[in-house]
Amino acid sequence: MKIKGSPFFFFLFSFIIFISCQHSKKMQVSTVLDAGKNDLTEALPNSCLVTATVLTIYPPDQSQKDSWCGKFPCTALLQINEIKNCGAGAAGMINLSANIEVNFTFTLAPSDSVDKSISLHLPGLKVGDKILTSLHLHPAMNDRIIYTVYSYKLIAD
């Protein structure tokens, strides 16, 4: 039994899938660019603008051989000193009484030593440094939250 108009519906379905995939790619790129902006004046959705102190820097993850995180430290334990403001969806998701483990997308090393193509100038961090950053919150399984930093500024004591 042949269905009338099936080539038309197949073409229409394929076109819709193609358009939605293209739209998805554009959304991902713009989200990454917004997340890495370096002005640190307001919190984006699912993020909080905070001041924090670096307590511990974990060594590079040797299992990530093809990643920056295999060569440079990407994870640190931070003490959140102050929450300046939070964007939509992030209010109340940071516990000031607990130190949190944070992933630094561009590593904790100076950005010039990691990859010269990184458009943000990040000076690198060491234990004891105080920073202003936009802390991005990503819900994960088992009621966990993954915290990510895309940019930061050192705060002078």
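The values are calculated or read from the model by the stated rules, or taken from the named source; none is laboratory data. Computed from a predicted model, the values in this text were never measured in an experiment. Cβ placement follows ideal geometry from the backbone for every residue including glycine, while neighbour counts extend to all protein chains displayed.
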Exercise for the section: Evaluate the range 67-86: report whether one residue or more is part of a loop (DSSP other than H, G, I, E, B) and polar (S, T, N, Q). Expected result: yes
Is it the case that ASP34 is in a helix (DSSP H, G or I), within 12 Å of SER151 (Cα to Cα) and modelled with pLDDT under 95?
yes
Among the residues of the range 138-155, the number that are over 15 Å from THR75 (Cα atoms), touching a residue at least 12 places away in the same chain (Cβ under 8 Å) and among the aliphatic types (A, V, I, L, M) is 2
Over the range 90-129, the set of residues at pLDDT 95 or above, surrounded by fewer than 18 Cβ atoms within 10 Å (Cβ to Cβ) and within 17 Å of SER151 (Cβ to Cβ) is ASN103
Over the range 56-89, the set of residues acidic (Asp, Glu), exposed (fewer than 13 other Cβ atoms within 10 Å of the Cβ) and over 17 Å from ASP129 (Cβ atoms) is ASP66
By residue number, the members of the range 74-89 that are polar (S, T, N, Q) and either modelled with pLDDT under 90 or under 28 Å from ASP61 (Cα atoms) (or both) are THR75, GLN79, ASN81
All conditions in (1) aliphatic (A, V, I, L, M); (2) modelled with pLDDT under 95; (3) in contact with a Ser or Thr (Cβ under 6 Å, 6 or more places away or on another chain); (4) not in a loop (DSSP other than H, G, I, E, B) are true of MET27 except (3)
